[in-house]
Amino acid sequence: MKGQPSPVEPDDPTGIRAVTWRDGRLDLLDQRRLPADVRRVVCEDVDAVIHCIRDMVVRGAPAIGVTAAYGAVLAARARLEADGAGWLAGFRTDVARLARARPTAVNLAWAVARMLRAAEAAADGADPVNALLDEARRLHAEDIAMNVAMAKHGANLLETPGSVITHCNAGALATGGLGTALGVIREAWRRGLVTRVWVDETRPWLQGARLTAWELGREGIPATIIADSAAAQVMRKDPPTWAIVGADRVAANGDVVNKIGTYSLAVNARHHGVRFMVVAPTSTLDGATPTGDDVPIEQRDPEELWEAAGGLPAGAEATNPAFDVTPAGLVDALVTERGVAMPPDEDSVAELLRA
Ligand code: MRU
(Lines give C-alpha, C1' and ligand atoms only; values in the text may rest on other atoms or scores of the structure.)
Protein backbone atom coordinates (compact mmCIF):
# COMPACT_ATOMS: atom_id res chain seq x y z
CA MET A 1 0.00 0.00 0.00
CA LYS A 2 1.33 3.48 -0.92
CA GLY A 3 1.12 6.95 0.64
CA GLN A 4 1.63 8.11 4.20
CA PRO A 5 2.76 5.49 6.72
CA SER A 6 -0.20 4.32 8.84
CA PRO A 7 -0.19 4.62 12.63
CA VAL A 8 1.27 1.57 14.33
CA GLU A 9 -0.96 -1.37 15.28
CA PRO A 10 -2.77 -0.54 18.53
CA ASP A 11 -1.24 -2.12 21.58
CA ASP A 12 -3.51 -4.73 23.17
CA PRO A 13 -2.89 -4.72 26.94
CA THR A 14 -3.94 -8.38 27.39
CA GLY A 15 -1.79 -9.92 24.68
CA ILE A 16 -4.94 -11.37 23.09
CA ARG A 17 -5.41 -10.17 19.55
CA ALA A 18 -8.95 -11.01 18.48
CA VAL A 19 -8.67 -8.67 15.47
CA THR A 20 -5.41 -7.75 13.72
CA TRP A 21 -4.53 -6.13 10.41
CA ARG A 22 -1.45 -7.88 9.04
CA ASP A 23 0.25 -7.66 5.62
CA GLY A 24 -2.77 -6.08 3.98
CA ARG A 25 -5.19 -8.72 5.29
CA LEU A 26 -7.55 -9.05 8.25
CA ASP A 27 -6.48 -11.71 10.71
CA LEU A 28 -9.06 -12.98 13.24
CA LEU A 29 -8.72 -15.33 16.20
CA ASP A 30 -11.31 -18.07 15.57
CA GLN A 31 -13.62 -17.85 18.60
CA ARG A 32 -15.72 -20.84 17.52
CA ARG A 33 -12.96 -23.21 18.56
CA LEU A 34 -11.46 -21.62 21.66
CA PRO A 35 -10.12 -22.68 24.05
CA ALA A 36 -9.57 -26.20 22.66
CA ASP A 37 -8.07 -24.97 19.42
CA VAL A 38 -6.24 -21.64 19.07
CA ARG A 39 -6.21 -20.85 15.38
CA ARG A 40 -6.66 -17.81 13.16
CA VAL A 41 -8.73 -17.07 10.08
CA VAL A 42 -7.45 -14.65 7.44
CA CYS A 43 -9.90 -12.50 5.41
CA GLU A 44 -8.84 -11.13 2.06
CA ASP A 45 -12.15 -9.61 0.97
CA VAL A 46 -15.35 -8.15 2.37
CA ASP A 47 -17.38 -11.32 1.75
CA ALA A 48 -15.02 -13.29 3.97
CA VAL A 49 -15.43 -10.62 6.67
CA ILE A 50 -19.24 -10.80 6.45
CA HIS A 51 -19.05 -14.59 6.76
CA CYS A 52 -16.76 -14.37 9.80
CA ILE A 53 -19.09 -11.94 11.60
CA ARG A 54 -22.21 -14.01 10.81
CA ASP A 55 -20.60 -17.29 11.76
CA MET A 56 -19.08 -15.81 14.95
CA VAL A 57 -15.44 -16.37 14.12
CA VAL A 58 -15.37 -12.89 15.66
CA ARG A 59 -18.09 -11.78 18.09
CA GLY A 60 -18.81 -9.21 20.77
CA ALA A 61 -20.22 -5.78 19.92
CA PRO A 62 -17.03 -3.64 19.85
CA ALA A 63 -14.97 -6.41 18.15
CA ILE A 64 -17.41 -6.73 15.28
CA GLY A 65 -17.31 -2.92 14.90
CA VAL A 66 -13.50 -2.97 14.64
CA THR A 67 -13.68 -5.95 12.25
CA ALA A 68 -16.18 -4.12 10.03
CA ALA A 69 -13.88 -1.09 9.88
CA TYR A 70 -11.04 -3.25 8.48
CA GLY A 71 -13.60 -5.01 6.25
CA ALA A 72 -14.42 -1.62 4.73
CA VAL A 73 -10.72 -1.20 3.87
CA LEU A 74 -10.79 -4.53 1.99
CA ALA A 75 -13.98 -3.45 0.18
CA ALA A 76 -12.43 -0.13 -0.88
CA ARG A 77 -9.27 -1.80 -2.16
CA ALA A 78 -11.21 -4.29 -4.28
CA ARG A 79 -13.61 -1.66 -5.64
CA LEU A 80 -10.77 0.69 -6.59
CA GLU A 81 -9.06 -2.12 -8.47
CA ALA A 82 -12.28 -3.14 -10.24
CA ASP A 83 -14.07 0.19 -10.81
CA GLY A 84 -11.32 2.86 -10.74
CA ALA A 85 -12.60 6.41 -10.17
CA GLY A 86 -16.21 5.22 -9.74
CA TRP A 87 -15.31 2.96 -6.79
CA LEU A 88 -17.50 4.69 -4.20
CA ALA A 89 -20.84 3.39 -5.58
CA GLY A 90 -19.83 -0.27 -5.26
CA PHE A 91 -18.21 0.45 -1.90
CA ARG A 92 -21.54 1.76 -0.58
CA THR A 93 -23.25 -1.50 -1.58
CA ASP A 94 -20.52 -3.59 0.04
CA VAL A 95 -20.56 -1.76 3.35
CA ALA A 96 -24.38 -1.84 3.47
CA ARG A 97 -24.12 -5.65 3.30
CA LEU A 98 -21.41 -5.55 5.97
CA ALA A 99 -23.67 -3.52 8.30
CA ARG A 100 -26.39 -6.19 8.00
CA ALA A 101 -24.13 -9.13 8.92
CA ARG A 102 -25.62 -9.23 12.44
CA PRO A 103 -28.60 -7.12 13.53
CA THR A 104 -28.39 -6.46 17.27
CA ALA A 105 -25.03 -4.90 18.21
CA VAL A 106 -25.17 -1.26 17.15
CA ASN A 107 -21.35 -0.98 17.01
CA LEU A 108 -21.42 -2.69 13.62
CA ALA A 109 -23.64 -0.07 11.96
CA TRP A 110 -21.83 2.68 13.89
CA ALA A 111 -18.41 1.58 12.56
CA VAL A 112 -19.70 1.21 9.00
CA ALA A 113 -21.24 4.72 9.10
CA ARG A 114 -17.92 6.12 10.31
CA MET A 115 -15.99 4.33 7.54
CA LEU A 116 -18.49 5.56 4.95
CA ARG A 117 -17.93 9.16 6.08
CA ALA A 118 -14.16 8.61 5.86
CA ALA A 119 -14.55 7.12 2.37
CA GLU A 120 -16.59 10.10 1.17
CA ALA A 121 -13.96 12.48 2.52
CA ALA A 122 -11.10 10.49 0.92
CA ALA A 123 -12.84 9.62 -2.37
CA ASP A 124 -10.98 12.13 -4.51
CA GLY A 125 -7.71 11.99 -2.57
CA ALA A 126 -4.44 10.42 -3.72
CA ASP A 127 -4.76 7.23 -1.68
CA PRO A 128 -8.27 6.50 -0.32
CA VAL A 129 -7.36 2.97 0.79
CA ASN A 130 -4.57 4.18 3.04
CA ALA A 131 -6.83 6.94 4.38
CA LEU A 132 -9.43 4.29 5.26
CA LEU A 133 -6.81 2.05 6.85
CA ASP A 134 -5.72 4.98 9.02
CA GLU A 135 -9.35 5.50 10.05
CA ALA A 136 -9.83 1.80 10.90
CA ARG A 137 -6.66 1.81 12.97
CA ARG A 138 -7.81 4.96 14.76
CA LEU A 139 -11.17 3.35 15.55
CA HIS A 140 -9.36 0.24 16.84
CA ALA A 141 -6.99 2.27 19.03
CA GLU A 142 -9.89 4.37 20.35
CA ASP A 143 -11.76 1.21 21.33
CA ILE A 144 -8.81 0.05 23.44
CA ALA A 145 -8.47 3.51 25.00
CA MET A 146 -12.21 3.53 25.85
CA ASN A 147 -11.83 0.15 27.55
CA VAL A 148 -8.96 1.46 29.66
CA ALA A 149 -11.04 4.49 30.74
CA MET A 150 -14.11 2.33 31.51
CA ALA A 151 -12.00 -0.10 33.53
CA LYS A 152 -11.04 2.73 35.90
CA HIS A 153 -14.54 4.27 36.16
CA GLY A 154 -16.09 0.85 36.79
CA ALA A 155 -13.48 -0.33 39.30
CA ASN A 156 -14.03 2.90 41.29
CA LEU A 157 -17.57 1.64 42.04
CA LEU A 158 -16.34 -1.46 43.87
CA GLU A 159 -15.92 -0.55 47.52
CA THR A 160 -15.03 -3.77 49.33
CA PRO A 161 -13.19 -6.94 48.25
CA GLY A 162 -15.52 -9.76 47.22
CA SER A 163 -16.67 -11.93 44.37
CA VAL A 164 -18.35 -10.63 41.21
CA ILE A 165 -20.50 -12.42 38.64
CA THR A 166 -20.47 -11.96 34.86
CA HIS A 167 -22.37 -13.26 31.85
CA CYS A 168 -21.24 -13.99 28.29
CA ASN A 169 -17.81 -12.68 27.23
CA ALA A 170 -17.16 -8.95 27.35
CA GLY A 171 -13.39 -9.24 27.39
CA ALA A 172 -10.44 -8.72 25.06
CA LEU A 173 -11.99 -11.26 22.70
CA ALA A 174 -15.13 -9.12 22.38
CA THR A 175 -13.39 -5.76 21.89
CA GLY A 176 -10.30 -4.18 20.37
CA GLY A 177 -8.51 -5.26 23.57
CA LEU A 178 -8.86 -5.38 27.40
CA GLY A 179 -12.66 -5.63 27.39
CA THR A 180 -15.64 -3.76 28.81
CA ALA A 181 -17.00 -5.80 31.76
CA LEU A 182 -13.77 -7.83 31.93
CA GLY A 183 -11.75 -4.62 31.73
CA VAL A 184 -13.46 -3.47 34.95
CA ILE A 185 -12.93 -6.90 36.52
CA ARG A 186 -9.23 -6.92 35.50
CA GLU A 187 -8.69 -3.46 37.00
CA ALA A 188 -10.63 -4.29 40.19
CA TRP A 189 -8.61 -7.53 40.56
CA ARG A 190 -5.41 -5.50 40.21
CA ARG A 191 -6.66 -3.26 43.03
CA GLY A 192 -7.42 -6.25 45.29
CA LEU A 193 -11.19 -5.80 45.07
CA VAL A 194 -12.09 -9.06 43.31
CA THR A 195 -11.61 -12.35 45.12
CA ARG A 196 -13.40 -14.59 42.59
CA VAL A 197 -15.33 -14.29 39.35
CA TRP A 198 -18.47 -16.38 38.95
CA VAL A 199 -18.72 -17.04 35.23
CA ASP A 200 -22.14 -17.91 33.79
CA GLU A 201 -21.52 -20.60 31.18
CA THR A 202 -23.85 -18.65 28.81
CA ARG A 203 -25.97 -21.20 27.01
CA PRO A 204 -26.09 -22.11 24.22
CA TRP A 205 -22.88 -20.83 22.65
CA LEU A 206 -20.85 -20.98 25.92
CA GLN A 207 -19.13 -17.61 25.63
CA GLY A 208 -18.68 -17.69 29.43
CA ALA A 209 -17.43 -21.24 29.89
CA ARG A 210 -15.17 -21.19 26.83
CA LEU A 211 -14.05 -17.58 26.37
CA THR A 212 -14.36 -15.64 29.64
CA ALA A 213 -12.95 -18.50 31.72
CA TRP A 214 -10.05 -18.79 29.23
CA GLU A 215 -9.26 -15.06 29.42
CA LEU A 216 -9.35 -14.99 33.23
CA GLY A 217 -7.34 -18.21 33.55
CA ARG A 218 -4.52 -16.77 31.41
CA GLU A 219 -4.09 -14.01 34.00
CA GLY A 220 -4.53 -16.13 37.12
CA ILE A 221 -7.79 -14.44 38.12
CA PRO A 222 -9.83 -17.03 40.09
CA ALA A 223 -12.85 -17.99 38.01
CA THR A 224 -15.63 -20.49 38.70
CA ILE A 225 -17.91 -21.52 35.85
CA ILE A 226 -21.54 -22.08 36.82
CA ALA A 227 -24.62 -23.11 34.86
CA ASP A 228 -26.64 -19.99 34.04
CA SER A 229 -29.45 -21.37 36.19
CA ALA A 230 -27.09 -21.56 39.22
CA ALA A 231 -26.70 -17.77 39.45
CA ALA A 232 -29.66 -17.30 41.81
CA GLN A 233 -28.35 -19.93 44.19
CA VAL A 234 -24.86 -18.34 44.18
CA MET A 235 -26.40 -14.97 44.97
CA ARG A 236 -28.43 -16.45 47.82
CA LYS A 237 -25.55 -18.39 49.40
CA ASP A 238 -22.49 -16.27 48.70
CA PRO A 239 -23.62 -12.91 47.26
CA PRO A 240 -21.20 -11.23 44.86
CA THR A 241 -20.63 -7.49 45.37
CA TRP A 242 -21.64 -6.70 41.78
CA ALA A 243 -22.93 -8.38 38.63
CA ILE A 244 -20.87 -6.87 35.79
CA VAL A 245 -21.84 -7.33 32.13
CA GLY A 246 -21.33 -5.72 28.71
CA ALA A 247 -23.98 -4.62 26.19
CA ASP A 248 -24.72 -4.95 22.51
CA ARG A 249 -26.90 -1.87 22.47
CA VAL A 250 -28.20 0.61 25.03
CA ALA A 251 -31.43 2.30 23.94
CA ALA A 252 -32.16 6.00 24.49
CA ASN A 253 -34.15 5.22 27.66
CA GLY A 254 -31.28 3.18 29.18
CA ASP A 255 -32.70 -0.29 28.42
CA VAL A 256 -29.82 -2.71 27.88
CA VAL A 257 -29.77 -5.31 25.11
CA ASN A 258 -27.19 -8.00 25.81
CA LYS A 259 -26.63 -11.77 25.56
CA ILE A 260 -29.66 -13.92 26.30
CA GLY A 261 -29.76 -14.59 30.05
CA THR A 262 -28.66 -11.08 31.07
CA TYR A 263 -32.25 -10.13 31.92
CA SER A 264 -32.73 -13.06 34.29
CA LEU A 265 -29.35 -12.29 35.89
CA ALA A 266 -30.51 -8.69 36.48
CA VAL A 267 -33.84 -9.84 37.98
CA ASN A 268 -31.97 -12.24 40.28
CA ALA A 269 -29.48 -9.54 41.23
CA ARG A 270 -32.22 -7.09 42.20
CA HIS A 271 -34.01 -9.76 44.25
CA HIS A 272 -30.82 -10.59 46.16
CA GLY A 273 -29.57 -7.01 46.61
CA VAL A 274 -26.60 -7.52 44.26
CA ARG A 275 -25.82 -4.33 42.34
CA PHE A 276 -25.90 -4.57 38.55
CA MET A 277 -23.29 -2.80 36.38
CA VAL A 278 -23.35 -2.52 32.58
CA VAL A 279 -20.08 -1.49 30.95
CA ALA A 280 -20.29 -0.20 27.38
CA PRO A 281 -18.49 2.43 25.30
CA THR A 282 -20.57 5.28 23.87
CA SER A 283 -20.30 3.53 20.48
CA THR A 284 -22.82 1.05 21.99
CA LEU A 285 -25.32 3.76 23.01
CA ASP A 286 -28.08 4.21 20.45
CA GLY A 287 -29.85 7.51 20.98
CA ALA A 288 -31.94 6.92 17.85
CA THR A 289 -33.69 3.83 19.24
CA PRO A 290 -36.19 4.81 21.95
CA THR A 291 -36.43 1.58 24.00
CA GLY A 292 -34.97 -1.91 24.19
CA ASP A 293 -38.14 -3.32 22.65
CA ASP A 294 -37.35 -1.40 19.44
CA VAL A 295 -34.02 -3.22 18.99
CA PRO A 296 -33.94 -6.11 16.47
CA ILE A 297 -33.10 -9.32 18.34
CA GLU A 298 -31.04 -11.82 16.38
CA GLN A 299 -32.63 -15.27 16.15
CA ARG A 300 -29.99 -17.95 15.73
CA ASP A 301 -30.26 -21.50 14.48
CA PRO A 302 -32.21 -23.49 17.11
CA GLU A 303 -29.82 -26.35 16.45
CA GLU A 304 -27.43 -24.57 18.84
CA LEU A 305 -29.90 -25.51 21.61
CA TRP A 306 -30.14 -29.22 21.07
CA GLU A 307 -26.55 -29.88 19.96
CA ALA A 308 -25.60 -30.76 23.56
CA ALA A 309 -28.64 -33.04 23.93
CA GLY A 310 -27.68 -34.94 20.80
CA GLY A 311 -30.78 -34.05 18.81
CA LEU A 312 -34.28 -32.57 18.93
CA PRO A 313 -36.86 -34.96 20.38
CA ALA A 314 -39.61 -35.85 17.89
CA GLY A 315 -42.48 -33.36 17.99
CA ALA A 316 -40.55 -30.70 19.93
CA GLU A 317 -39.92 -27.19 18.65
CA ALA A 318 -37.16 -24.78 19.66
CA THR A 319 -36.46 -21.07 19.37
CA ASN A 320 -33.12 -19.41 19.96
CA PRO A 321 -33.12 -15.62 20.56
CA ALA A 322 -29.48 -14.57 20.99
CA PHE A 323 -30.16 -11.43 23.07
CA ASP A 324 -32.65 -10.08 25.59
CA VAL A 325 -33.70 -6.70 26.98
CA THR A 326 -32.89 -5.70 30.56
CA PRO A 327 -35.13 -2.78 31.54
CA ALA A 328 -33.14 0.29 32.61
CA GLY A 329 -34.78 0.15 36.05
CA LEU A 330 -32.82 -3.02 36.87
CA VAL A 331 -29.45 -1.40 36.11
CA ASP A 332 -27.65 0.38 38.95
CA ALA A 333 -24.76 1.79 36.90
CA LEU A 334 -24.01 2.26 33.21
CA VAL A 335 -20.25 2.76 32.84
CA THR A 336 -18.92 4.42 29.68
CA GLU A 337 -15.55 5.94 28.80
CA ARG A 338 -17.11 9.37 29.38
CA GLY A 339 -18.37 8.62 32.87
CA VAL A 340 -21.07 6.73 34.75
CA ALA A 341 -24.86 7.04 34.58
CA MET A 342 -26.38 6.08 37.93
CA PRO A 343 -29.03 5.09 37.13
CA PRO A 344 -29.25 5.04 33.32
CA ASP A 345 -32.37 6.76 32.01
CA GLU A 346 -33.36 9.04 29.14
CA ASP A 347 -31.63 12.07 30.66
CA SER A 348 -28.39 10.40 31.75
CA VAL A 349 -27.99 8.51 28.44
CA ALA A 350 -28.59 11.75 26.48
CA GLU A 351 -26.02 13.52 28.65
CA LEU A 352 -23.41 10.80 27.98
CA LEU A 353 -24.06 11.04 24.25
CA ARG A 354 -23.66 14.84 24.35
CA ALA A 355 -20.50 14.80 26.51
O1 MRU B 1 -23.39 -13.23 20.37
P2 MRU B 1 -22.17 -12.52 20.90
O3 MRU B 1 -21.17 -13.44 21.50
O4 MRU B 1 -21.59 -11.58 19.87
O5 MRU B 1 -22.74 -11.62 22.09
C6 MRU B 1 -21.84 -10.83 22.80
C7 MRU B 1 -22.44 -10.16 23.97
O8 MRU B 1 -23.63 -10.24 24.21
C9 MRU B 1 -21.53 -9.30 24.80
O10 MRU B 1 -21.94 -9.30 26.14
C11 MRU B 1 -21.59 -7.86 24.26
O12 MRU B 1 -21.33 -7.84 22.89
C13 MRU B 1 -20.66 -6.97 24.96
S14 MRU B 1 -19.00 -7.29 24.47
C15 MRU B 1 -17.98 -6.12 25.10
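For the chain, the share of accessible area belonging to carbon and sulfur comes to 51 percent (1.4 Å probe, ligands and nucleic acids excluded). Using C-alpha pairs below 8 Å separated by at least 6 residues, the relative contact order for the chain is 16 percent.
A full extension of the chain between residue 55 and residue 156 corresponds to an added length of 32.7 nm, given 0.36 nm per residue minus the alpha carbon distance. Accessible area per residue for the range 19-147, computed on protein heavy atoms with a 1.4 Å probe, is 37 Å². Which FRET efficiency, nearest 0.05, do residue 305 and residue 36 yield, Cβ-Cβ r, R0 25 Å? The pair residue 305/residue 36 has a calculated efficiency of 0.75. Taking a point 7 Å from the Cα of residue 97 along the Cα-to-Cβ direction, the residues of the range 45-61 with backbone N closer than 20 Å to it are 45-58.
The relative contact order of the range 196-355, computed from alpha carbon pairs under 8 Å that lie at least 6 residues apart in sequence, is 24 percent. Using a simple spin-label model with pseudo-atoms 7 Å out from Cα toward Cβ, residue 149 and residue 238 lie 3.7 nm apart.
Output wanted: per-residue J couplings in Hz (rounded whole) for the range 219-232, from phi through Karplus 6.51 cos²θ - 1.76 cosθ + 1.60, θ = phi - 60°, x for Gly and Pro. For the range 219-232, the Karplus curve yields 9, x, 8, x, 9, 10, 7, 10, 4, 3, 6, 8, 4, 4 Hz. Length gained on full extension, residue 113 to residue 82, computed as 0.36 nm times the residue gap minus the Cα-Cα distance: 8.9 nm. Here the relative contact order of the range 19-147, from alpha carbon pairs under 8 Å that lie six or more residues apart, stands at 23 percent.
Legend: calculated FRET efficiency, residue 138 to residue 355, from the Cβ-Cβ distance at R0 = 25 Å, rounded to 0.05, equals 0.80.
The stretch between residue 294 and residue 316, if pulled fully straight at 0.36 nm per residue, gains 5.0 nm over its current Cα-Cα span.
Qualifying GluC sites (Glu not before Pro) in the range 89-196, where qualification requires a DSSP coil assignment and no more than 16 other C-beta atoms within 10 Å, comprise 159. Distance from the C-alpha centroid of the range 182-198 to that of the range 51-69: 26 Å, rounded to the whole angstrom.
Helix content alone sets the calculated 222 nm mean residue ellipticity of the chain: runs of n ≥ 4 DSSP H residues at -39500 (n - 2.57) each, divided across all residues, give -12000 deg cm²/dmol.
The values are calculated or read from the model by the stated rules, or taken from the named source; none is laboratory data. All of these numbers come straight from a predicted model, not from anything done at the bench. All Cβ positions, even for glycine, are placed from backbone atoms using ideal geometry, and neighbour counts span all protein chains on display. These accessible areas exclude ligands, DNA and RNA; they are computed on the full protein's heavy atoms, side chains included. Shrake-Rupley method; radii C 1.70, N 1.55, O 1.52, S 1.80 Å.
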